[in-house]
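Notes for the one structure printed next.
The values are calculated or read from the model by the stated rules, or taken from the named source; none is laboratory data. Treat the numbers as computed from the prediction; the structure is a model and nothing was measured. Positions of Cβ are backbone-derived with ideal geometry, glycine not excepted, and every protein chain shown enters the neighbour counts.
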Amino acid sequence: MKATSPTLVSFAVTRECNLKCKHCYSESVDSPHPRELDTAEAKRLISQIAECGAHLVILDGGEPLMRPDIFDLVNHSRSVGLTTVMGTNGTLITIKTPVLTRRRMLDALAETGISVDVAERETER
């Protein structure tokens, strides 16, 4: 039996997360893992994912928007021919952060080609 290339790869780009959801399968923490891949290492891995024949990469975590270089990783992923999606809890898009306002975050996501649906108001849980 011949091995085939993966169709998609889920790449947990960080274990850092701003939430502690009970249902989450991730072993997320409130700071990056000390052995987390740096930007160059993550780009190299993304290139290898493309080289092995995958078509789709899911950047998740933790919360991928916690990584300051997430848009560099998204752009690199797209540049090597991967369809790129992101598994995000969305909370960093709807609140102001020290780095990006909601509008700037949405603009940055749009520039990379990732679309996000964001509610205008909080909803009941």
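Taking Thr101 as the residue in question, decide whether it is modelled with pLDDT under 75 and of a type in the set (Ser, Thr, Tyr).
Criteria met by Thr101.
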Please count how many residues of region 20-40 are surrounded by fewer than 13 Cβ atoms within 10 Å (Cβ to Cβ) and either part of a helix (DSSP H, G or I) or of a type outside the set (Gly, Ala, Ser) (or both). 11
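Answer yes or no: is there a residue in region 65-73 that is among the acidic types (Asp, Glu) and touching a residue at least 24 places away in the same chain (Cβ under 8 Å).
Looking for residues that are among the acidic types (Asp, Glu) and touching a residue at least 24 places away in the same chain (Cβ under 8 Å), one finds at least one in region 65-73, hence yes.
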Is it true that some residue in region 41-63 is in a loop (DSSP other than H, G, I, E, B) and among the hydrophobic types (A, V, I, L, M, F, W, C)? yes
Please identify the pairs in which a residue from region 109-120 that is surrounded by 11 or more Cβ atoms within 10 Å (Cβ to Cβ) and outside any loop (DSSP other than H, G, I, E, B) has its Cβ atom under 7 Å from the Cβ atom of a residue that is β-branched (Val, Ile, Thr) and at pLDDT 70 or above, counting only partners at least 6 apart or on another chain. Thr112/Val74
